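This report refers to the structure that appears directly beneath it.
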Amino acid sequence: MRTSLDSKLDCHVRVITPENIEFEYALAGPFQRLPAFAFDFAIRVVAFFALVFLMALTSGLFSINSSLVSIVALLLFFFLSWFYGIYFETRFNGRTIGKMVFRLRVISTDGRPINGAQAALRNLLRLADMCVLLSLQIFDPEAPPAFLIPTMSVGLVVMTLSPKLQRLGDLAAGTLVVSEQRRSTPLVLQPEDLRAFGLAELIPANYVVSSSLAQTTGTYMENRRRLSPARRDEVAKHLAEPLLAQFGMLNTTSPDLLMCALYVRTFFSEQEQEAGRERLRNANSQAGNMPPQLDRTVQV
């Protein structure tokens, strides 16, 4: 019989972006997150001892006071412990090196990338998630009574009770950890409907795609192959309808096709877009059809 925690390890969560588009993510359970945490911890330990070794050599060469070296070592330990995760999660879109290796990512609960404040809050609260701390005397009675051994009990209990497998830091920061289950996905996806290249040309040249819209469009393209054609239009219409009006296009234009066109406009170079339009012309020529009158989607 599966436990409550086991049943959550395979669950998914639906996230609605600010553009009112819904996506589904696979939640990362504790046994997926632990290897990434251990990998990051190992990196911090290696970096700490390497830097301490260099400081020891430097202090010997330049006769630096050993007390000063100890203070710098403590500051370095604090910096690596707290700011490693903050820097990487802010700089690399919710991913540390360990998360990159194990294909995990931290996102906001509304699907947007996390910001620096969220990364700082969830990492600073990691200490609370690591409680209850055990004394070193458990392993060595002669050791000082320092409570330094984390059990992660609080984090595991909170994750078990949370519907989205969030630890305390995630709950406070409004974040969640998802698994990126990408399988040989190219960096830039090719829309199978070549009409997207023609429609992309009709998007006003002065229209600037925001970073939030670019991310939403990219995520939509990664997930659309799992959707039926009808479902694609249903998912895309919330964002497409106001854009159709803004671009001066007829409301009969396929929302899915417009999302593909936005993707082409955002992620393809001018040369790649022209090559796509050339393939569209060749495909219509070989089929014996006139080129599709995409300009009819524009109101006169």
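Bear in mind these aren't lab numbers, they're just calculated from the coordinates by the rules spelled out. As the structure is a computational prediction, the values presented were derived from the model and not from experiment. FYI the Cβ positions are ideal-geometry reconstructions off the backbone, even for glycines, and counts take in every protein chain you see.
Ordered by packing density, taken as the mean number of other Cβ atoms within 10 Å over each peptide's residues, highest first, how do 203-210, 76-83 rank? Walk me through the numbers before you get to the answer.
Details: 203-210: 10.1, 76-83: 14.2.
Order by mean packing, descending: 76-83, 203-210.
Using 7 Å Cα-to-Cβ label points, what is the Ser162/Thr58 separation (nm, one decimal)?
3.8 nm
Between Glu222 and Leu51, take the C-beta separation as r, use R0 = 35 Å, and let me know the FRET efficiency to the nearest 0.05.
On the way: r = 39 Å, r/R0 = 1.12.
Calculated transfer efficiency: 0.35.
Which order do the peptides 125-131, 171-177 come out in when sorted by mean C-beta neighbours inside 10 angstrom, highest first?
On the way: 125-131: 16.6, 171-177: 20.9.
In decreasing order of mean packing, 125-131, 171-177 become 171-177, 125-131.
For a distance above 25 Å, tell me the whole-number percent of Cα pairs in the stretch 78-177 that qualify.
That tail contains 24 percent of the Cα-Cα pairs.
Please find the FRET efficiency linking Tyr207 to Leu76, where r is the Cβ-Cβ separation and R0 is fixed at 51 Å, and quote it to the nearest 0.05.
Values: r = 48 Å, r/R0 = 0.94.
It comes out at approximately 0.60.
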